[in-house]
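**Q** This is the structure I have questions about; it appears just below.
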Amino acid sequence: MRMKIDEIVITKAIVEDFMNVFLDYTEVDVAIAGAGPSGMVAAYYLAKEGVKVAVFERKLSVGGGMWGGGMMFPRIVIQDEAKQILDDFEINYWEYKDGYLLANSIEVVGKMASKAIKAGAEIFNLMSVEDVVIRESSINGVVINWSSVELAKLHVDPLCVRSKVIIDGTGHDAEICRNIERKIPGLIKVLGEKPMWADVGELSILENTKEIYPGLIAVGMAANTVAGGPRMGPIFGGMMLSGEKAAKIALAKL
Ligand code: 48F
């Protein structure tokens, strides 16, 4: 016998489940701003260790700058050093030449999201981190709002999520760090991203992935923007290794 479908049951199922999860995630171990490659890799390695992780992503889709590969050719390059991460995420790749690996950017996004969620990370899409919660000598939460509120420039107050560690994975703009620099001059310094230099960019991103201020870690391109490192284009090994390093730093702090 065919089941009779009731729209109100569907509505209640979605609202009730989401509200329960959202309430539960008002207090987390780690809050990550941005579900680009670095944010999702960090989320996966943290969740895998049993850490309670919330990822807030402004856009409808996760994946940040990966979808379009290089100039809308949906392929990304990953250097050999990050092979282990591709294997951890069960991402297919093949060698182009001498340690330059290639992967389908659409597959990479799908696998990263799937693995991070399966490991236990909770991704809240369509939510932007617009500020942080600050105390005397540390940052201990994020201030969030619906991206639609931000886009429509509606005057609606945000809500807060308490977090032991905050990871800025907002990419080139390093939005969280820049916001703190603007609001509390002198607390942290954002030097700004430098022009393209893939080799140096990929090397420096690991060094630059660190705790910027007690409770705040910069990851991925945001780490280079804070430290004044160059951009590197569609090579993503550095983003992945940075995510893994940010997870290790956060783990050590928890
Ligand atoms: O830009 P994005 O992919 O950052 P990433 O992880 O990777 C950088 C590469 O994609 C590429 C590169 C490769 O060599 O340089 O650019 O450092 O992902 C950042 C994500 O953060 C979201 C944004 O929509 C994107 O999906 N985002 C940005 N600001 C906010 C945010 C915010 N305030 N709140 C929530 N999400």
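**Q** Return yes or no: is ILE212 of a type in the set (A, V, I, L, M) and either open to solvent by 70 Å² or more (accessible area, probe 1.4 Å) or within 14 Å of the ligand (Cβ to nearest atom) (or both)? If you could, list the steps in order and put the result at the bottom.
**A** Working: of a type in the set (A, V, I, L, M): yes; either open to solvent by 70 Å² or more (accessible area, probe 1.4 Å) or within 14 Å of the ligand (Cβ to nearest atom) (or both): no.
So ILE212 fails the test.
**Q** Same structure again: Let me confirm something: among GLY229, GLY243, GLY220, which residue is out of contact with any Leu (no Cβ under 6 Å at 6 or more places or on another chain), modelled with pLDDT of 95 or more, more than 10 Å from the ligand (Cβ to nearest atom) and open to solvent by less than 30 Å² (accessible area, probe 1.4 Å)?
**A** Working: GLY243 fails: more than 10 Å from the ligand (Cβ to nearest atom); GLY220 fails: more than 10 Å from the ligand (Cβ to nearest atom).
On inspection, the qualifying residue turns out to be GLY229.
Yes/no per residue for (1) under 23 Å from VAL51 (Cα atoms); (2) touching a Lys or Arg at 6+ places or on another chain (Cβ under 9 Å); (3) in contact (Cβ under 8 Å) with a residue 12 or more places away in the chain; (4) among the polar types (S, T, N, Q):
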site: VAL200; (1), (2), (3), (4): no, yes, yes, no
site: LEU216; (1), (2), (3), (4): yes, no, yes, no
site: GLY233; (1), (2), (3), (4): no, no, yes, no
site: LEU241; (1), (2), (3), (4): yes, no, yes, no
site: LEU254; (1), (2), (3), (4): yes, yes, yes, no
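**Q** Then there is this: Any idea how many residues of region 105-140 are under 28 Å from ARG75 (Cα atoms), without any contact (Cβ under 8 Å) to a residue 12 or more places away in the chain and not hydroxyl-bearing (Ser, Thr, Tyr)?
**A** Matching residues across region 105-140 total 3.
**Q** Evaluate the following for MET196: is it part of a loop (DSSP other than H, G, I, E, B) and within 12 Å of the ligand (Cβ to nearest atom)? Spell out the reasoning first.
**A** Numbers: part of a loop (DSSP other than H, G, I, E, B): yes; within 12 Å of the ligand (Cβ to nearest atom): yes.
Yes.
**Q** Quick one: what pairs do we get from region 18-32, first residue in contact (Cβ under 8 Å) with a residue 40 or more places away in the chain and over 17 Å from VAL143 (Cβ atoms), second surrounded by 12 or more Cβ atoms within 10 Å (Cβ to Cβ) and polar (S, T, N, Q), C-beta under 9 Å, 6+ apart or different chains?
**A** Qualifying pairs under 9 Å: ASP29/SER163.
**Q** For the list (1) surrounded by fewer than 18 Cβ atoms within 10 Å (Cβ to Cβ); (2) on the phi < 0 side of the Ramachandran plot; (3) without any contact (Cβ under 8 Å) to a residue 40 or more places away in the chain, I need the number of the one condition that VAL190 fails.
**A** With (1) surrounded by fewer than 18 Cβ atoms within 10 Å (Cβ to Cβ); (2) on the phi < 0 side of the Ramachandran plot; (3) without any contact (Cβ under 8 Å) to a residue 40 or more places away in the chain applied to VAL190, the lone miss is (1).
**Q** Give the residue that is nearest to GLU107 (Cα to Cα), with candidates limited to residues of region 15-68 that are within 16 Å of the ligand (Cβ to nearest atom) and hydroxyl-bearing (Ser, Thr, Tyr).
**A** Of region 15-68, the ones within 16 Å of the ligand (Cβ to nearest atom) are 22, 25, 28, 30-46, 53-68.
Imposing the further condition that a residue be hydroxyl-bearing (Ser, Thr, Tyr) reduces the set to 25, 38, 44-45, 61.
On the way: TYR25: 28, SER38: 16, TYR44: 16, TYR45: 19, SER61: 14 Å.
Filtering first and then ranking leaves SER61.
**Q** Also: Out of ARG162, ARG178, report the one residue that is more than 13 Å from the ligand (Cβ to nearest atom), closer than 23 Å to THR209 by Cα and modelled with pLDDT of 95 or more.
**A** Working: ARG178 fails: more than 13 Å from the ligand (Cβ to nearest atom).
Only one candidate qualifies: ARG162.
**Q** Please report, ordered by residue number, the strands (runs of 3 or more DSSP E) entirely within region 121-167 with at least 1 residues that are open to solvent by less than 70 Å² (accessible area, probe 1.4 Å) and of a type in the set (Ser, Thr, Tyr).
**A** Numbers: elements: 122-125, 127-134, 139-146.
Those strands (runs of 3 or more DSSP E) span 127-134.
**Q** Right, here's the next one. If you go through region 37-74 one residue at a time, how many are open to solvent by 10 Å² or more (accessible area, probe 1.4 Å) and outside any helix (DSSP H, G or I)?
**A** Number of matching residues: 18.
The values are calculated or read from the model by the stated rules, or taken from the named source; none is laboratory data. Please read these numbers as outputs of a predicted model, since none were measured by experiment. Cβ sites come from the backbone with ideal geometry, for glycine too, and all protein chains shown count toward neighbours. To get the accessible areas, we keep the full protein, side chains included, count just its heavy atoms, and leave off ligands, DNA and RNA. Shrake-Rupley method; radii C 1.70, N 1.55, O 1.52, S 1.80 Å.
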